[in-house]
Structure formats: structure tokens, C-alpha cells
Amino acid sequence: MTTYFGLKLIDLAVIIGYFVIVALVGFWASFKVKTDEDYFLGGRSFGKGLLIMHFLCTGTHSEHAVQVAGATARVGLGGIWYQWMWLFSTPFYWLIAPILRRMRVITAGDFFRIRYNRSLEILYAVVAMAFLVLSIAMLLRGAGAAIAGATGGAIPTDRSIYILAILFSTYIMVGGLMAAAYTDYLQGVMIITLSILLIPGGLGLVGGMSEVQSKLGPEMMSITAPPNAQEGDMGFVIAMSLLGLVGIVVQPHIMTASGSGKTEWEARIGMCFGNFIKRFLTIAWAFTGLIAVVRFPEILAGLNPNSEEAKHAGETLFGMAIQHFLGDGWRGLMIACIIAGVTSAEAMMVVGSGIFTRNFYMHAVPAVAEKHYLWVGRLSSTGILIAGIVVASVAGSVTQLINIAFQLIGLMGAAFWLGATWRRANPIGVWTSFIASVYVWLVTGFQPKDISWLPTPVVDSLFAMADRISIRGHERPIQILIMLCVEFGVLVIVSLLTKSQEARQLDPFFARLHTPIGSEEEFAATNVPDELHESATLGMHDVRLDYSKASSNGYPFLQKWGIEIPRMTWSDWGGFLAAWGLVFALIGLLAWLATLGR
């Protein structure tokens, strides 16, 4: 049968049909966009189902499946911890989402403005923009590689990157977050299909799970990585789980996605259960890697599992599985699913444009028409995508990009956590903590040649000091733990030693934290100083909250020590404990599946 770009005619028909549906949804959504809140937050109108799929899709990318499949092929089922490093953080999402929704801001940069000051708003914006560019680069690079493998190389990786970028830059400029979320609902179903379809097709080719068990042996079916795997062991899981929990709150798209829910319930259900679906689908990616290495043993034959060569070779297996495990038509659907995963870049572009517009541009060009800011947001989203394309084109390793991106955004985590819960955290403490953490990150995570763009005397002195205090030469989990300890420790110590912010600045912020969505009139304030009006009402539609009223929703004995934590309800405790039950259920499911076919 004639093929086009390595695909059968029916495969192409499925892909084209997918694009037609997505385009129609996007243009339909564009008619619902009237304001910047519609564009950046979907009008704060998303329900539970829409937010579940939105969180699933913004957190599920093609390179995740590629990486997990490659890791399990190299080190066994324990390679699943490349993505399950977030598993133990997921129950906390049930508690985090309402806090993010109560902030009532459009971007995480707004949080830093109303809690600290404008300098930290700009600092966060710079870090967040860099993170989003890296994230888009990972999305495009991973999807491009998967499509190249699925088409047998007929569509090269670089060409795939450019095609995908053009398609979705046009699409997202029209509909904003509303378009992204509605198509995410459709694409969420397709991602589930992506993760499940490969298993029966692959098992049919290799002779079932009994054949997989006999070819791989018990050590490859262990749910924890072996000691010599270097990644995926218990220390790695603990360190990355902590980094994930610290950094999740400042990932730019998290604030935007949580803020788009109608109420706190939509936000917490979407954030928690959208990510639990991803944890479940990760199991399918892991078994795809095991089946693929049984079907194509020559790919990793003779290679050291920890070598860069083995990592690159292993990451080709997911694309090969698509090409060989699926029949005609289904192969096209799978490629459409990969493209669906790339549409996570839509949300990244919208969030990035929101940060640029609100946390940069509005300060430079204030008090102009709403439509002006809306068009600036649309144009800046394209600029962010272009930067992502450049990084994707020159990047060597997707894994390296992932490591840099998550440690980079983690540098702002302590400022959020302590800022949202502790009155004494102040701008001087945050700046000092950030500078100290960047230093530790550079000297523990990089070599002198990696930062050669700095003057040589500076590089030499930085690394000489690191050697004197013995923070270099440790395994990666220890490096991460050192960085987190410095980040939190320095912020606490410096904040205690310097002057705290005034209560009149902090009270409006913590009034937000203690006021449930929908209860604004009950806790409304009658007088707020004019100089604090902007920060007190940002995202509040001119409603001002009274801390003296709202503080009753906290814990008085903690507030005496400057600690502001909303009072936990039965639904908070019940959902949190139920989420932990799901964590252990997923681990049990993985352990049981690993025994099938013995």
C-alpha cells in the first residue's frame, strides 16, 4: 500500500480529522473571549470535568511517555520513578489548590507583587518565563522525536517541531486558555487512549506477559530501581518528591489552571485527580517500555544501562512501538494523541503571555484599553513559542532540560510556601535566599566549563569556596537536599534578622487566604489605605477584605507566632487521606501487574 510520510492513507485521514475537530473547537472558543481574564483564566468558569482534563493535559507531555518507556527498558520497572517522583506529592494537591484559588490573582507573578513587592514580582517573572521556554522546548523536542520514530524517520524531528509550533501558535493566539481547556477535554480522552492502546498490540506480538517475564527476569520486574541504576532508587525518589512539592506551587501554569475553576472545589478536584490519572497512565508507559525491549532487544544490546548512548537508544523505543504495535488507522490515532500531548504548549504559551503582559508590560504601558493588553498577550505568546523552538532546536538532551527546568523553578518555592504561611518572610529574606540557592545550584549541579559565560576569576572563586565548605561531589539526591535546606534556611534566618513588613500591607494578603471563594461580601472591609488599594483589590473586582473578620478562619494559637494557615475542615482531611489511599492503591496495582505471567 502507498505511504505518505511513512504513513498509510487511513492514518493521514485520522490525523486530518483530528485537526479539523480541534480547529472548530478553538474558533468556537474564540467567540467566548472578551477580556484578559477570559483569555488568561477562561473567565474563571471551568467545572470539575474540564479542569481534571486540563490538569491532565498540561501535566502530561509526549516526552514523559518517551522517557519512562526508555527508562524501564534500561533499568526495569523501577524506571517508572522518572515520573512517579511526583506520586507522593499528589495528595498535597488537595490542600494546595484551594489556597491557590483563594489568591484570586491571574498569574503567580501577581502573588509576589501583593505579598512582597514589585522587585520580586519581576524576579519571579524572569524565572517563570525561562521555565516556560524550557518546558515548551521539552514538549516540542519530545513530540518531534516520537513522531519521527512513529513514521520511521520519514518526518524528521526538527521538521516535526516546526510544524507543531506553527499549528498551535495560530490556534492559541485565537482562543487563549479557554481554547486550550476545551480541546484539553477532548485530548485528555485521547491521551488515555495513547497510554492503553500499545499494551495489547505489543503483548500480541511478543507472546503475552509470560514471555515478557521469561525474557526479562525478576530483577527487571522490580518496582524499585536496582542500586546501580543511579536514578529511581529510594534516595532519588525522596529528594525529587520534596523538590516537586516545593516547586509545584510556583510552576506558572498551576496558578493559572487553579484560578480558572469556578470555586475551590473545582480547583482541588481538577488538580488532584487530573494528576492521579497521569500517575495511572504512567504504568502503561512503563509496561510499553518493557514490552518494546523484548520485541527489539537489539536496541540496547551490549550497552551500559547508565550510559548516555543507552538513554538515547532507549528513548527511540516508544516511537518504534507506535510504528510496529498498532494497526492501520490506530497508528494515525496514536500520532494524533502525541500531537494532543503537545497542545500542553498552548497553556504554557498563554500563561507566559499573561506573565509578560501583567508583570512586565502593564507596568511599562499602564492605563490603556483592555483590547490593547489582550493583543499584547496574544503576540507575546508567539514570542515565547519562538524562544521555545530555538531552545528545542539546539538542545542536546531532553532529560537535561527537565532537570534544569524543575530545579530552576524550585528556586522560588520557599518564597511562596513561607510567604503564604509566615508573616515574617520578607523581601530581603527572599532575595538573599534566591542568591544563595542559585550559588549552590550552580556549584553542585554544573561543572566550571558549563558556566564559562561568567568571568573566569568569578567561576574560580565560586568553585573554590564550594570545595572549602564541601558541598560538591555528592550524589544528585544529596545535591537537591542541600539546595532546599539552603533555600528555606537562609530565608528564615535573614527574615528573622531583618525588619518585617508592616501589618497594613500583610493583612489584606492574608485576608484573601482566609476568605473562601464566594464569601467575599461577608468579610468585606470598609476602609483600606489608598496607597494599598491596588494590591488589596488585585483580582478582587474592587472588593476589599477585612483581615480582622477573615482571620477567624485560621488557627489563633499559630497566628500568635505569625503563622497563617487556613483552618482544616472535614472535607480537607477526608480528601487528603483518600488521596493517600489512592497513592498506595497505585503502588499495589503496579506490584500486582508486575507478577502477571509468572
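Of all residues in segment 570-598, those being farther than 30 Å from residue 76 by Cβ and more than 28 Å from the chain's Cα centre (by Cα) number 1.
Do we find a residue being buried (at least 17 other Cβ atoms within 10 Å of the Cβ) and touching a strand residue (DSSP E or B) at 6+ places or on another chain (Cβ under 9 Å) anywhere in segment 404-422? Yes, that holds for at least one residue.
Taken as a whole, the structure places residue 193 among residues that are surrounded by fewer than 19 Cβ atoms within 10 Å (Cβ to Cβ) and either in contact with a Cys (Cβ under 6 Å, 6 or more places away or on another chain) or modelled with pLDDT under 85 (or both). Based on this model, can you work out whether residue 100 counts as assigned by TED's automatic domain parsing to the domain that holds residue 357, surrounded by 24 or more Cβ atoms within 10 Å (Cβ to Cβ) and under 27 Å from residue 269 (Cβ atoms)? So residue 100 passes the test. So, residue 204, is that one modelled with pLDDT under 80, surrounded by fewer than 19 Cβ atoms within 10 Å (Cβ to Cβ), in a helix (DSSP H, G or I) and not acidic (Asp, Glu) or not? In short, no.
Quick grid of which residues meet (1) modelled with pLDDT of 75 or more; (2) surrounded by fewer than 21 Cβ atoms within 10 Å (Cβ to Cβ); (3) touching a His at 6+ places or on another chain (Cβ under 8 Å):
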| residue | (1), (2), (3) |
| --- | --- |
| 17 | yes, yes, no |
| 20 | yes, yes, no |
| 39 | no, no, no |
| 60 | no, no, no |
| 78 | yes, no, no |
| 95 | yes, yes, no |
| 107 | yes, no, no |
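All of 430, 394 fail the test of being more than 18 Å from the chain's Cα centre (by Cα) and surrounded by fewer than 24 Cβ atoms within 10 Å (Cβ to Cβ), apart from 394. For segment 559-572, a residue qualifies if it is surrounded by 14 or more Cβ atoms within 10 Å (Cβ to Cβ) and of a type in the set (A, V, I, L, M), and the qualifying residues are 563, 565.
Against the condition in contact (Cβ under 8 Å) with a residue 12 or more places away in the chain and under 26 Å from residue 406 (Cα atoms), how does residue 486 come out, does it pass? Yes, satisfied. Scan segment 222-232 and tell me whether some residue there is among the hydroxyl-bearing types (Ser, Thr, Tyr), more than 20 Å from the chain's Cα centre (by Cα) and either modelled with pLDDT of 85 or more or closer than 20 Å to residue 476 by Cα (or both). Taking every residue of segment 222-232 in turn, at least one turns out to be among the hydroxyl-bearing types (Ser, Thr, Tyr), more than 20 Å from the chain's Cα centre (by Cα) and either modelled with pLDDT of 85 or more or closer than 20 Å to residue 476 by Cα (or both). When segment 315-332 is filtered for residues that are modelled with pLDDT under 80 and either touching a Gly at 6+ places or on another chain (Cβ under 7 Å) or closer than 14 Å to residue 62 by Cα (or both), the ones remaining, listed by number, are 315, 316. Looking across segment 470-484, just one residue is within 19 Å of residue 233 (Cα to Cα) and among the basic types (Lys, Arg), and that is 476.
So, residue 314, is that one touching a residue at least 24 places away in the same chain (Cβ under 8 Å) and closer than 25 Å to residue 158 by Cβ or not? For residue 314, the condition - touching a residue at least 24 places away in the same chain (Cβ under 8 Å) and closer than 25 Å to residue 158 by Cβ - is met.
The values are calculated or read from the model by the stated rules, or taken from the named source; none is laboratory data. Just so you know, these numbers come straight off a predicted model, no measurement behind them. Backbone-built Cβ (ideal geometry, glycine too); neighbour counts: all protein chains shown.
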